[in-house]
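The values are calculated or read from the model by the stated rules, or taken from the named source; none is laboratory data. Model, not experiment: these values are computed from the prediction. We place every Cβ from the backbone using ideal geometry, glycine too, and count neighbours over all the protein chains shown.
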Amino acid sequence: MAASNESRVECVKTALRERYERTARLDEEARLRECVEYLENPAILVAEFADSFLTAESYDQREQDFEHDADLPRRRVGDRVTELLMGVPSVTVLDRIPYDFRFLAREIVPLRSELKGHDAGDRRAAGLEYVGVIDGEPPVPVLGVVQRANESSPYLALLRLLTCLAEVSTDVQMERANRYIFKDTVPQHSSFDLQILVADPSAESASPLATFTKDLAHVFNVALKHEWQFPKLLRNISCLHIDLDDFDASLRVDWSV
């Protein structure tokens, strides 16, 4: 049989990517059990992160820009959020000590793992809604995802963020990101800020999974800092809220760890 002429990209599937895809198919009760297991054994999540980072190190497209798919299906909430962030010079995060970040790019999938043009909705759901930077000495890169409208907790969004962090923070990927997104303004070995952005007020939840997600973010952040490979990779993980109807270039903090 003749080989297909269809354009392909390198197939890369990390341990965390596989975990995220499995978890996305679970109901909330099963996700709660998984989250509790991670809390009881945080070394498992850290090991999956480290394994994913090592897998991503083999992916080398430093000369190629991140793809931006103009034909991806529209998602009302996610697109509205990124349009608002794009429309202001900077965004203020109303934390205990407020800080600003600048929007730089949208719809970034760090590693491509599907046929080009195949299942565009899944490709989009796999990545980051936005990338930004906190100006300073040194500048801090920001990775952000928008919690899905049908999600009652930020747990799945947290897994997606950690997956993308592992896939974008290798030396080669940071060289690529510096060239095409950060324009050589961030250090090669940067400390990242991760943001889960909630746009639906009804998504604010005191459910056990929502509470445990915050706990897991804290436990993971602390544990990662004790790994010799990643002592300074992660600065903060934050869950933020945006007012779509009255956006004033600011985001409210639900929690930050």
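Name the residue, out of Thr92, Thr82, that is among the hydroxyl-bearing types (Ser, Thr, Tyr), at pLDDT below 95 and closer than 23 Å to Val253 by Cβ. Of the residues listed, the single one that is among the hydroxyl-bearing types (Ser, Thr, Tyr), at pLDDT below 95 and closer than 23 Å to Val253 by Cβ is Thr82. Within segment 1-29, being modelled with pLDDT under 90, of a type in the set (Asp, Glu) and surrounded by 10 or more Cβ atoms within 10 Å (Cβ to Cβ) holds for one residue alone: Glu10. Annotation: of all residues in segment 228-257 being exposed (fewer than 15 other Cβ atoms within 10 Å of the Cβ) and more than 20 Å from Leu85 (Cα to Cα), the one that is nearest to the chain's Cα centre (by Cα) is Lys232. Residue by residue through segment 121-174, note down the ones that are polar (S, T, N, Q) and over 12 Å from Arg17 (Cβ atoms). Passing the criteria: Gln147, Asn150, Ser152, Ser153, Ser169, Thr170, Gln173.
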